[in-house]
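Following: one structure in structure tokens, then a few remarks.
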Amino acid sequence: GKYVLGALKLTKMASLGSMVLSVGTYSMFFGVPYAVGMVGLITVHEAGHALVMLQRGIPFSPMVFVPFVGATIAMNRRPRDAWEDALVAFGGPVLGSLGAGVCSIGGLAMDSQLLLALADFGYMINLFNMLPVGMMDGGRIAGALSPYAGVAGLGIGGSLALSGYVSNPIFILVLLAGGWETFQRFYNPGHLPPNYYRITPMQRTALTGGYFGLIAALFAAMEVNNSFKKSPEVLQLEKSWDMR
């Protein structure tokens with residue numbers, strides 16, 4: 001018992017330690033307030049996954065943060081089917097988008113450019129996660145709808161990588177893993193339980209509406225938020241005028 005308790009304490013310390021490390025790393029580039037907000041929004045996103053896993057009775061590991069990658073919560077058992085996997089995937093972007101929305105409302109209410117900038121970050125990371133690529137949230141949701149979603153995701157992700165729009169090496173690894181997963185789905189369907197991808201028409205409608213609806217809502221919210229958010233150049237100019 002004491003060994004289990006000790007291991008539990010270690011995993012919690014590792015989770016907290018990785019969070020502090022992320023805040024420290026981001027603060028060197030963006031300052032402490034923005035770094036704390038970034039990690040806070042990433043935490044809210046991951047908490048969305050955790051809440052669905054709790055509700056579905058899926059055991060999971062503590063949250064681990066990796067600077068400039070994000071954070072992850074590992075499921076300790078495979079979802080029963082693609083529907084359950086898609087529900088877990090949805091949890092992150094839904095709660096994460098609400099968190100970004102709170103930043104937007106707070107930024108407007110308090111005239112805080114910091115909160116508006118954090119809202120923009122929140123909308124962006126949740127929108128990025130909706131790409132239908134590999135094990136990203138969007139890949140798991142769209143993958144439940146069609147095996148060809150993985151093919152489309154590889155095309156979109158490959159274009160983003162080749163154009164230099166996304167240069168994070170972790171994204172390249174996600175793409176490679178997505179390519180293998182798509183290959184497995186077409187040529188080795190036996191690696192998953194029978195009927196894993198069988199979903200009802202109602203579930204298909206819910207996933208389709210939820211997927212495209214959330215993407216549209218994120219684009220709209222980002223557009224509205226950005227109409228109030230000032231660029232760093234404008235803020236610097238205003239600051240220099242105030243100092244005169």
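Every number in this text was worked out from the coordinates using simple rules, so none of it is lab data. Here the structure is a predicted model, which means the values were calculated and not measured. Cβ sites come from the backbone with ideal geometry, for glycine too, and all protein chains shown count toward neighbours.
Miscellaneous remarks
- Per-residue Cβ neighbour rank within 10 angstrom, fewest leading, Ser146, Ser18: Ser146, Ser18
- Nearest 10 degrees, 0 to 90: helix 201-228 Cα axis against the chain principal axis: 10
- Contour excess over end-to-end distance, with Cα ends at Val224 and Met135 and 0.36 nm allotted per residue: 29.1 nm
- Options (i) 0.94; (ii) 1.06; (iii) 1.01 - which one matches Rg/Rh (Cα atoms, Kirkwood Rh) as calculated here: (iii)
- The gain in end-to-end length when the Val66 to Tyr187 segment is fully stretched comes to 40.2 nm, 0.36 nm per residue minus the alpha carbon separation.
- Likely footprinting exposure, Asp81, Asp111, Asp137, fewest C-beta neighbours within 10 Å first: Asp111, Asp81, Asp137
- Here the chain is treated with +1 on each Lys and Arg Cβ and -1 on each Asp and Glu Cβ, and its dipole about the Cα centre works out to around 720 debye.
- Here the relative contact order of the chain, from alpha carbon pairs under 8 Å that lie six or more residues apart, stands at 17 percent.
- Projecting the Cα atoms of Phe212, Phe65, Val39 onto the charge dipole of the chain (Cβ charges, centred on the Cα centre) puts Phe65 farthest toward the positive pole.
- Residues whose amide H comes within less than 5 Å of that of Phe60, counting only those at least five positions distant or on another chain, are Asn76 (H built at 1.01 Å from N in the peptide plane).
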